[in-house]
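Colleague: What follows is a structure written as C-alpha cells; I'll ask about it next.
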Amino acid sequence: MSVDPVSFQDRYVEPRSRVTTFFRLILAIPHFIVLALWGFAVFFVVIAAWFALLFTGSWPQGMYDFTASYLRYSTYVYGYTFLLTDDYPPFNGNANDTYPVTVHVGPPKPEYDRIKVAFRIFLLIPVFIIMYAMQLIYEIGAFLAWFAIVILGRQPKGLQDMIELGISYQQRAYAYALLLSEDFPPFTSPQPALGEGAGPRSPLPPSPTTPAAPAAPEAPTSSSTGMTGGDPLS
C-alpha cells in the first residue's frame with residue numbers, strides 16, 4: 001500500500017474566546033455558502049476526473065489542484081466551526097496557508113490503479129460507515145467543548161483530541177471519495193499535530209558525541225614501592 005498523500009494537522013491552544021465561540025455558527029455562515037458553491041463545482045470536476053483516471057490512469061493537473069484546494073478549504077471551515085481553533089478561516093484553499101487546522105495534500109501520482117477507480121463507489125461503503133461514527137465523535141466533542149469554552153474560557157485538551165480524531169478521519173475519507181487518494185484512509189493521520197504556536201514538528205538532531213573523560217591515573221600499587229605483601233610498617 002502506498003503512503004497516504006493526505007495528512008491532517010492542527011495546533012492546540014488552550015485559552016479560547018468566549019464571544020466568538022458563543023456565536024460560532026453565525027460567524028461561519030459565509031463559509032457555509034462558499035463551501036456549498038465550491039462543493040457543487042467539485043462534484044462535476046470529480047466526475048470528469050473519474051473518466052480521465054479510468055481511461056488514462058492519471059489526474060489532469062488543473063482538476064487535481066482545484067479539488068485539493070477544496071479539500072483544504074473544507075478543512076479550514078470544519079476546524080473553525082467545530083472549535084479546533086478560534087482563527088477565522090481564509091476564503092481559499094491555498095497550499096501555503098498557515099491556518100492552524102489544515103490538510104497537506106501531496107502531488108498527484110504518475111499513475112493510478114484503474115480498478116480501484118472503477119469500483120470506488122463500492123469501496124467507499126465501509127469508509128463512509130466509519131466516517132459516520134467519527135462524525136458523531138467530533139460533534140459530541142464540539143458540543144461539550146462549546147460549553148467548556150463559554151464557561152471556562154479554555155479548550156480542554158481531551159475534547160480537542162476528540163474533535164481532531166473525528167475531523168481528521170472525515171477529511172481523509174473525503175480525499176478518498178474525491179479520488180485524491182486511492183488507499184483506504186488510516187484511522188489516525190500519519191503526521192503529528194502542531195505544537196502550540198509552533199510549526200510542524202521535526203525530529204530532534206542527534207546529540208553530539210560527548211568526548212570521553214580522560215581516565216584517572218591509577219593509584220600506585222605495592223609493586224611500585226618495592227614492597228611485596230603484608231603491612232609496609234611491619
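Colleague: When you scan segment 35-51, do you find a residue that is within 30 Å of ARG154 (Cβ to Cβ), in a helix (DSSP H, G or I) and touching an Asp or Glu at 6+ places or on another chain (Cβ under 7 Å), even just one?
Modeller: Filtering segment 35-51 down to residues within 30 Å of ARG154 (Cβ to Cβ) leaves 35.
Retained after the next criterion (residues that are in a helix (DSSP H, G or I)): 35.
Filter once more, keeping what is touching an Asp or Glu at 6+ places or on another chain (Cβ under 7 Å): none.
No, every residue in segment 35-51 fails to be within 30 Å of ARG154 (Cβ to Cβ), in a helix (DSSP H, G or I) and touching an Asp or Glu at 6+ places or on another chain (Cβ under 7 Å).
Colleague: Would segment 61-68 turn up any residue that is without any contact (Cβ under 8 Å) to a residue 24 or more places away in the chain, more than 18 Å from GLN155 (Cβ to Cβ) and not acidic (Asp, Glu)?
Modeller: Yes, that holds for at least one residue.
Colleague: Search segment 75-90 for residues that are on the phi > 0 side of the Ramachandran plot and pair each with any residue that is of a type outside the set (Gly, Ala, Ser) and assigned to a loop (DSSP other than H, G, I, E, B) when their beta-carbon atoms are under 9 Å apart and the residues are at least 6 apart or on different chains.
Modeller: Sorted first by the residue in segment 75-90, then by its partner, the pairs are LEU83/ARG16; LEU83/GLN155.
Colleague: Further question on the same structure: Considering only segment 110-127, how many residues are surrounded by fewer than 16 Cβ atoms within 10 Å (Cβ to Cβ), in contact with a Phe, Trp or Tyr (Cβ under 9 Å, 6 or more places away or on another chain) and not aliphatic (A, V, I, L, M)?
Modeller: Adding up the residues that qualify gives 2.
Colleague: Looking at PRO100, PRO89, can you tell me which residue is surrounded by 16 or more Cβ atoms within 10 Å (Cβ to Cβ) and in contact with a Ser or Thr (Cβ under 8 Å, 6 or more places away or on another chain)? Please lay out each step first, then the result.
Modeller: Values: PRO89 fails: in contact with a Ser or Thr (Cβ under 8 Å, 6 or more places away or on another chain).
None of the others qualify; the one that does is PRO100.
Colleague: Continuing with the same structure: Which residue, of ILE163, ILE140, is within 23 Å of LEU35 (Cα to Cα), among the β-branched types (Val, Ile, Thr) and surrounded by fewer than 18 Cβ atoms within 10 Å (Cβ to Cβ)?
Modeller: ILE140
Colleague: Next question, about the same structure. Taking segment 99-156 on its own, how many of its residues are charged (D, E, K, R) and either free of Cβ contacts under 8 Å to residues at least 12 places away in the same chain or not in a loop (DSSP other than H, G, I, E, B) (or both)?
Modeller: 5
Colleague: Just to check your reading of the model, which residue among VAL13, VAL34, VAL42 is touching a Ser or Thr at 6+ places or on another chain (Cβ under 8 Å) and over 22 Å from PHE147 (Cβ atoms)?
Modeller: Selected residue: VAL42, the only one of VAL13, VAL34, VAL42 that is touching a Ser or Thr at 6+ places or on another chain (Cβ under 8 Å) and over 22 Å from PHE147 (Cβ atoms).
Colleague: So how many residues does segment 57-74 have that are farther than 15 Å from GLU182 by Cα and part of a helix (DSSP H, G or I)?
Modeller: 11
Colleague: Among the residues of segment 22-34, what is the count of those that are part of a helix (DSSP H, G or I) and either touching a Gly at 6+ places or on another chain (Cβ under 9 Å) or of a type in the set (Gly, Ala, Ser) (or both)?
Modeller: Total satisfying the criteria: 0.
None of the figures in this text is laboratory data; all of them are computed from the coordinates on show. Everything numeric here is computed off the predicted structure, so don't read it as measured data. Note: ideal-geometry Cβ built from the backbone for every residue, glycine included; neighbour counts use all protein chains shown.
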